[in-house]
Each structure stands twice: as C-alpha cells, then as structure tokens.
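Q: I have a structure I would like to understand better, so I am pasting it below and will then ask my questions one at a time.
FYI, it's all coordinate maths here, none of it is from the lab. Quick caveat, the model's predicted, so the values are computed rather than measured. Here the Cβ is made from the backbone with ideal geometry for all residues, glycine too, and neighbour counts use every protein chain on show.
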Amino acid sequence: MEFKDILRQLRKARGLTQTELGKALGVSVSAISSYETGTRFPDFETQEAMADYFNISIDTLRGNEPFDIKVATANDKAKILIEITKDIPDDTFRRLLSYAEYLRKYEMDKDGDD
C-alpha cells in the first residue's frame with residue numbers, strides 16, 4: 001500500500017476532514033489533498049508529525065512496513081480509553097470493564113448469528 005492510501009485511510013478512520021488533519025499537523029488543506037492524491041510528498045518533519053499523530057512508525061506510514069488499519073485504529077481506541085479512565089476510582093473502573101466485556105460478548109454472539 002502506498003503512502004497516499006495509508007494517509008487517507010488513517011484520516012478517515014479517525015473521522016477527520018482534510019481541513020482538520022491539516023490544522024492538527026500545521027499544513028494546509030491543499031497539502032493534505034496533494035498528499036492523498038500522490039501529487040506531492042511531505043517533507044521529513046511533516047512525515048514525523050503524521051507518524052506521531054497516528055501513533056505509527058514512519059516506515060509504516062511510507063508503506064515500507066505492513067499496514068493494518070484495524071491495528072492503527074485499535075491503538076487510537078486504546079489511547080482514548082486510557083485517557084478517559086485514568087482518573088476514575090477502581091470500583092468504577094471494574095464496573096466499566098465488566099460492561100465492556102459484556103458488550104464484546106454481545107457483539108461476538110450477534111456476529112455468530114448470521
């Protein structure tokens with residue numbers, strides 16, 4: 001997979017517009033658009049910022065290492081959970097974990113009914 005495709009998948013997986021990603025990275029929307037169409041390639045500093053932003057390596061971003069959008073989005077989900085649960089009491093965390101396990105089982109059972 002090429003850089004342009006990886007960038008687009010990462011942006012869409014996060015539910016970002018090109019404008020929002022550009023603002024987050026400090027580049028213009030036209031730059032993001034050009035990166036995603038393959039008409040331009042970002043400089044090293046921008047690639048570094050992208051890799052940090054999406055929590056992947058530069059080699060993965062460039063397509064030099066295997067890329068799996070499921071793994072990338074799982075990292076995002078984990079970071080969100082860590083952030084929202086870091087200050088809750090242990091008993092509340094245990095209830096949240098129990099509910100998450102219930103939801104996971106429910107989804108797995110639902111998928112098996114097809």
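Q: State the three equivalent ellipsoid semi-axes of the stretch 1-58, derived from the C-alpha gyration tensor as the square roots of 5 times its eigenvalues, in descending order and whole Å. Numbers along the way, then the final one.
A: Values: eigenvalues 35, 34, 30 Å².
Each semi-axis is √(5λ); the values are 13, 13, 12 Å.
Q: Also, quick follow-up: Taking Rh as the Kirkwood radius computed over C-alpha pairs, what is the Stokes-Einstein D of the chain at 10 °C in a medium of viscosity 1.306 mPa s, expressed in µm² per second?
A: 98 µm²/s
Q: Once you compute Rg and the Kirkwood Rh from C-alpha atoms, what is the Rg to Rh ratio for the stretch 61-114? Intermediate results must be reported in sequence, preceding the final value.
A: Details: Rg = 15.4 Å, Rh = 13.7 Å.
For the stretch 61-114, the value is 1.13.
Q: From the backbone phi of the stretch 90-99, what are the Karplus-calculated ³J(HN,Hα) couplings (6.51 cos²θ - 1.76 cosθ + 1.60, θ = phi - 60°) in whole Hz, Gly and Pro given as x?
A: Working through the residues one at a time gives 4, 5, 5, 4, 4, 5, 5, 4, 4, 5 Hz.
Q: Need the full-extension length gain, THR85 to GLU2, defined as separation in residues times 0.36 nm minus the C-alpha distance. One decimal, nm. The partial results should precede the final answer.
A: On the way: separation 83, 0.36 × 83 = 29.88 nm, distance 3.55 nm.
This chain segment gains 26.3 nm when fully extended.
Q: For helix 3-13, report the angle its Cα long axis makes with the longest principal axis of the Cα atoms of the chain; keep it between 0 and 90° and round to the nearest 10°.
A: 40 degrees
Q: At VAL71 and ALA13, where each label point lies 7 Å from the Cα along Cα→Cβ, what is the point-to-point distance in nanometres?
A: Reported label-point gap for VAL71 and ALA13 is 1.0 nm.
Q: Another one. Quick one: 3J(HN,Hα) in Hz for the stretch 84-89, Karplus 6.51/-1.76/1.60 with θ = phi - 60°, rounded, Gly and Pro as x.
A: 7, 9, 5, 10, 8, x
Q: Quickly estimate the mean residue ellipticity at 222 nm for the chain, helices only: each DSSP H run with n ≥ 4 gives -39500 (n - 2.57), and the total goes over all residues, rounded to 500. Present the calculation step by step, with values, prior to reporting the outcome.
A: Working: 7 runs with 84 residues, N = 114.
Mean residue ellipticity at 222 nm (helix-derived): -23000 deg cm²/dmol.
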